[in-house]
Amino acid sequence: MNTPSHTRSLYDITDRTKRRNATEKRFRFYGVLAITLGVLMLAVLATTIVSKGTGAFQQTFVTLRIELLESKLDKKGNRDIEDMKKVSTFGYAPLINTAMENVVAQYAIETPLKPKEMAAIISKSAASQMRDRVLANPDLVGQTVEFKLLANSWIDGYLKGRVTRDSIANNKNVSAEQLDFVDKLRDAGLLKKSFNMAFITGADASDQRPEDAGIGVAMIGSLAMMFVVLALALPIGVAASIYLEEFAPKNWITDVIEVNISNLAAVPSIVFGILGLAIFINMMHLPQSAPLVGGLVLTLMTLPTIIISTRAALKAVPPSIRSAALGLGASKMQSVFHHVLPLAAPGILTGTIIGLAQALGETAPLLLIGMIGYIATNMPDTIVSGLMAPNSVMPAQIYEWAKRADPAFYERAWGGIIILLVFLISMNTLAVILRRRFERRW
Amino acid sequence: MSYFTLIGLIVALGVVGFFIGRQKVRASKLRLHSLPRYYGTFVAINVIVPAIFALATWLVIAPFFVKNPIAAQITDTMIPEGGAADLVMSDIERIATGMAIAVQNGTLDLNAIDANTDLDKLFDTLAAAGVVMGGAINPDVVSLAAHYTRASQTSHSLMIVAVLLVAVGGFIFAYRRLKPDFRARNNVEQAYLRILMMAAGVAILTTVGIVASMLFETINFLGLHSWRDFFFGLNWAPNFHGDSELAILPLLWGTLYISLVALLVAVPIGLFAAIYLSEYAPKSVRGIAKPLLEVLAGIPTIVYGLFALVVFGPFLRDLFGDGGAFGVEWMGDARSVATAGIMMGVMLIPFVSSLSDDIINAVPQSLRDGSFGLGATQSETVKQVILPAALPGIVGAILLAASRAIGETMIVVLGAGAIARFTANPLEALTTITTRIVAQLTGDGDFNSPETLVAFALGLTLFFITLGLNVIALTIVRKYREQYE
């Protein structure tokens, strides 16, 4: 309507107003859409992680009663560990075949498979597990002992739905007859999925045995590394912040330092990896892939974060505290260390925890110092070897599993991610709780 | 004596000095200038700091006196065909390490090694000590290694004596200065201040270290490979024959393209989310949505990378690939620019969103009120008043997000692929600078070959690109920022 405005009622809605209202509605809608997309992505990520990862915590086990023949395991009959150690896993494997034959006879299972093919459904690591247990208890020799052995990753995949009868057509590791056999064992109650503690506490395994892979050793490596980061980054970061905040004169040197710190906070993490490779490994000849070196690299990365949050915490302490301390005769150093620092401690603590959480999830710099391709198979025995012996860390271990391009290993990678996220969530929650508990409104 | 023990001993001496110093002034009947513990700390600092300094100096200087005389004795007869003096020196060092361990275990007597020593037996002893030597080793080299071991041991013993002497000397020096009117607290606090300054200096050292380490190796690289080819060539094709084509332009294209896709996803979503949260959302929604978006920022990048590889890539391939929902054959592999770019964009949403949120909140309410007073709707206010006022800050935030995207590694390593080429199809695999750095430094290869050294050149370029972006972001924000009172 184009009547002149002074004859128009305010309650008449012109075209232009309609357009403006429509634009307003659209704009609001875009905002809601953006937030929904963000939250939706988070939900998709969370469901994917949980659905794909929980499978890694359950593993298929076969319960077998195996007769530990003395004639094969302890030929001299004197239960001497040194002699028994000479029997390698090759000696234990036929016992599994015999046990399979017994099971078939006992439960009247019809199958065209030979005992060796039947035993093939067991993981290749089973013989080694049997050997470890017998060497730990030599008295078991001569008895029939019940073993709970891991099934191999194909059978595990069959029970979890990864491997179907159609997909095994070209697979020479598993045959349809073996799957039938597995079904019959399952009906007899001998084969089932149960909680696999070895995933959380165990060591990594080679390409052939994804069922045996665990993240425990990598967890120890992560812990050792976090310890190094805490021990180095916290003192250096707090000291640097105190200097910059309380003592530094306002000249160009201080400006350079401050510009440096804010630049370091934005440098890509891989550049720190290059620095670690060039200086710690090539120049200082520290051991490759050691948590100590990883800790040093991550200390340099976490330092700017801690410095920035510590400076904020120090700034938040009101100047009246400092003035009061000085007025009562304290020196500047005493006022900072006896009064300002304790009051700023909660903020420093939360900043450090958040910095540590960021460091825990970092992968790229650690790949360059050698933590890639390293199979973490042994728990470190002493503190020094825990720091200096090559090890892996959780994110690098997850990357290593993801690289192997095997669906069984993908499942383990997702399981590892669940564990990593559990650590991260607990650290961040701790930081939030501490902040709420100790926050002071000045 | 290991280094741990030596340092422990120095610290123990310092602690003893603390108690002795404190006791001395406590025994005095006169009025003290500072609290007794400051006198004790003064003594302790004077014991520990010079000793540690002496230890560090010895560790840096001693190799020149131990290694160089031995290296000078390497004659041409000792260098095998196709070898070099450096390799012979490193052989000597390895044998010496094994000898040192064997001597410590008691399985080797250094004085018994001469021209008549049975080399096989010696190498068995070394192997038992953990050092396995392969190939034929010249007996002269072995005797040089024995000299080296002896020289190292002498140097080590001398170091221990010297460091302990310095510690004791420091104690005596400090003890004599302890008088009741000595200004101990001031001295100690000066020392603390110097320690604080050194901690602040670590930041500078880190930057210097980063630039120096990469610069050094880059210069080595440019000595082996023409700089023109590196900066202006168009092919990335490393191989082991020696005639690799190593150029940064295809990698730069990949990096920039993926970052562009990431920003195309992150900036609209992040900006609109920030606008909605600060202008429209009620407090309850803001209280829930903001932390949820922050969670996206806390997820490690390896999770995004794995998600891209295993879920999102195949999803895109199902849509755009052969036999997919759209019936086109644009996508071959699950890894592509779109896969990595979109996941990176999701990762950057909270980055853009929280930075923009802070900036939009900083715009004073008076501008909004003035705009409403003149009859504008909320969206018009945002578009015509608030965004222009906040624009420098938002541009700064976008540049910082771009810098983060350019430097990101894990998502592109897992999601983007390894092919270096110039293509505009977002559904094809492309590689980036960061991916190639990881690939070149973790592959097999001689460390001094151009294929490995190029990673340092790439790293240096990456460092300067991100540094430049950050500096530009800061300058824009500082220069165009409106100062509201």
Check: In the list B:Arg404, B:Arg368, which residue meets the criterion of being basic (Lys, Arg), part of a helix (DSSP H, G or I) and closer than 26 Å to B:Ala334 by Cα?
Finding: B:Arg404
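Given the criterion under 30 Å from B:Arg37 (Cβ atoms), loosely packed, with under 15 Cβ neighbours inside 10 Å and hydrophobic (A, V, I, L, M, F, W, C), identify the matching residue among B:Val163, B:Val208, B:Val168.
After applying the criteria, what remains is B:Val168.
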Margin query: Just to check your reading of the model, which residue among A:Leu286, A:Leu292 is part of a helix (DSSP H, G or I) and closer than 23 Å to B:Pro63 by Cβ?
Written below: A:Leu292
Item checked: Selection from region B:304-320 of residues that are without any contact (Cβ under 8 Å) to a residue 60 or more places away in the chain and more than 10 Å from chain A (Cβ to nearest Cβ) -> B:Pro314, B:Phe315, B:Arg317, B:Asp318, B:Leu319
Check: Do any residues in region B:436-463 that are at positive phi have Cβ atoms under 8 Å from those of residues that are crowded, with 18+ Cβ neighbours inside 10 Å and assigned to a helix (DSSP H, G or I), where the two are at least six apart or on different chains, and which pairs are they?
Finding: B:Gly445/B:Glu451; B:Gly445/B:Thr452
Checklist line | Which numbered condition A:Gly55 misses (of (1) under 30 Å from A:Val141 (Cβ atoms); (2) in contact with an Asp or Glu (Cβ under 6 Å, 6 or more places away or on another chain)) | finding: (1)
Next item on the list: Could you please tell me which pairs satisfy a Cβ distance under 6 Å, a separation of 6+ or placement on different chains, a first residue in region B:359-386 that is farther than 20 Å from A:Gly31 by Cα, and a second residue that is outside any loop (DSSP other than H, G, I, E, B)?
Entry: B:Leu367/B:Val385; B:Ser371/B:Thr381; B:Ser371/B:Val385
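Confirm whether B:Ser284 is within 14 Å of chain A (Cβ to nearest Cβ), surrounded by fewer than 22 Cβ atoms within 10 Å (Cβ to Cβ), part of a helix (DSSP H, G or I) and modelled with pLDDT of 90 or more.
For B:Ser284, the condition - within 14 Å of chain A (Cβ to nearest Cβ), surrounded by fewer than 22 Cβ atoms within 10 Å (Cβ to Cβ), part of a helix (DSSP H, G or I) and modelled with pLDDT of 90 or more - is met.
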Margin query: Can you tell me which condition A:Asp255 does not meet? The list is (1) within 11 Å of another protein chain (Cβ to nearest Cβ); (2) surrounded by fewer than 17 Cβ atoms within 10 Å (Cβ to Cβ), and all the others hold.
Written below: (1)
Check: Residues of region A:258-279 being within 18 Å of B:Ala199 (Cα to Cα) and at the interface with chain B (Cβ under 7 Å from one of its Cβ atoms), which ones?
Finding: A:Asn260, A:Ile261, A:Asn263, A:Leu264
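With respect to B:Phe351, determine if the residue is more than 9 Å from every other protein chain (Cβ to nearest Cβ), surrounded by fewer than 16 Cβ atoms within 10 Å (Cβ to Cβ) and not basic (Lys, Arg).
Answer is no for this residue.
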Notebook entry, point to check: From A:Thr23, A:Thr47, which residue is free of Cβ contacts under 8 Å to residues at least 40 places away in the same chain, under 30 Å from A:Glu411 (Cα atoms), in a helix (DSSP H, G or I) and of a type in the set (Val, Ile, Thr)?
Noted result: A:Thr47
Note to self: For a quick check of your reading of the model, give me the residue pairs whose first member lies in region A:138-155 and is over 11 Å from A:Ser125 (Cβ atoms), whose second is at pLDDT below 80 and not in a loop (DSSP other than H, G, I, E, B), with beta-carbon atoms closer than 6 Å and at least 6 apart or on different chains.
What the structure shows: A:Val141/A:Glu70; A:Val141/A:Leu73; A:Gly142/A:Glu70
Next item on the list: Could you check, for region B:163-176, whether at least one of its residues is within 13 Å of chain A (Cβ to nearest Cβ) and in a helix (DSSP H, G or I)?
Entry: no
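So that you can scan it fast, the table gives a plain yes or no per residue for (1) out of contact with any Phe, Trp or Tyr (no Cβ under 8 Å at 6 or more places or on another chain); (2) within 14 Å of chain A (Cβ to nearest Cβ); (3) of a type in the set (Val, Ile, Thr):
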{"residue": "B:Ala146", "(1), (2), (3)": "yes, no, no"}
{"residue": "B:Arg183", "(1), (2), (3)": "yes, yes, no"}
{"residue": "B:Ile195", "(1), (2), (3)": "yes, yes, yes"}
{"residue": "B:Ile204", "(1), (2), (3)": "yes, yes, yes"}
Note to self: Quick test of your reading of the structure: A:Ala240 fulfils all but one of (1) away from every other protein chain (no Cβ under 11 Å); (2) farther than 26 Å from B:Gly459 by Cα; (3) crowded, with 22+ Cβ neighbours inside 10 Å; (4) touching a helix residue (DSSP H, G or I) at 6+ places or on another chain (Cβ under 6 Å). Name the failing condition by number.
What the structure shows: (1)
Check: When B:Ala401 is evaluated against the numbered criteria (1) over 20 Å from B:Phe351 (Cα atoms); (2) within 12 Å of chain A (Cβ to nearest Cβ), which criterion, by number, is the only one it fails?
Finding: (1)
Margin query: Just to verify a result, which residue in region A:201-225, among those that are of a type in the set (A, V, I, L, M) and modelled with pLDDT of 85 or more, is farthest from A:Ser289 (Cα to Cα)?
Written below: A:Ile215
Next item on the list: Could you tell me which of the residues B:Thr339, B:Thr301 is more than 12 Å from chain A (Cβ to nearest Cβ), under 20 Å from A:Thr47 (Cα atoms) and touching a residue at least 12 places away in the same chain (Cβ under 8 Å)?
Entry: B:Thr339
Checklist line | In region B:228-239, residue surrounded by the most Cβ atoms within 10 Å (Cβ to Cβ) [restricted to those that are more than 28 Å from the chain's Cα centre (by Cα) and assigned to a loop (DSSP other than H, G, I, E, B)] | finding: B:Gly233
Item checked: Which numbered condition A:Ala313 fails, given (1) within 15 Å of A:Gln358 (Cα to Cα); (2) buried (at least 21 other Cβ atoms within 10 Å of the Cβ) -> (1)
Note to self: Being in a loop (DSSP other than H, G, I, E, B) and closer than 30 Å to A:Ser269 by Cβ is the requirement here; does B:Asp333 meet it?
What the structure shows: yes
Next item on the list: Scan (1) among the small types (Gly, Ala, Ser); (2) within 25 Å of the chain's Cα centre (by Cα); (3) outside any loop (DSSP other than H, G, I, E, B) for the single condition A:Ser206 breaks and write down its number.
Entry: (3)
Checklist line | Single unsatisfied condition, A:His285 versus (1) of a type outside the set (Asp, Glu); (2) surrounded by fewer than 23 Cβ atoms within 10 Å (Cβ to Cβ); (3) within 11 Å of chain B (Cβ to nearest Cβ); (4) on the phi < 0 side of the Ramachandran plot | finding: (4)
Notebook entry, point to check: polar (S, T, N, Q), more than 30 Å from A:Thr23 (Cβ to Cβ) and touching a helix residue (DSSP H, G or I) at 6+ places or on another chain (Cβ under 6 Å), is that true of B:Thr434?
Noted result: yes
Check: assigned to a helix (DSSP H, G or I), of a type in the set (A, V, I, L, M) and surrounded by fewer than 21 Cβ atoms within 10 Å (Cβ to Cβ): does that describe B:Leu316?
Finding: no
Notebook entry, point to check: Within region A:101-130, which residues are buried (at least 20 other Cβ atoms within 10 Å of the Cβ), assigned to a helix (DSSP H, G or I) and free of Cβ contacts under 8 Å to residues at least 60 places away in the same chain?
Noted result: A:Ala119, A:Ala126, A:Ala127
Margin query: Can you go through A:Thr63, A:Thr54 and tell me which one is surrounded by fewer than 17 Cβ atoms within 10 Å (Cβ to Cβ), more than 13 Å from chain B (Cβ to nearest Cβ), touching a residue at least 60 places away in the same chain (Cβ under 8 Å) and not in a helix (DSSP H, G or I)?
Written below: A:Thr63
Next item on the list: Would you please name the residue that is farthest from A:Ser123 (Cα to Cα), looking only at residues in region A:163-196 that are at pLDDT below 80 and of a type in the set (Lys, Arg)?
Entry: A:Arg165
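The values are calculated or read from the model by the stated rules, or taken from the named source; none is laboratory data. Small disclaimer: the values here were computed from a predicted structure and weren't measured. As a convention, Cβ positions derive from the backbone with ideal geometry for all residues, glycine included, and neighbour counts pool all protein chains shown.
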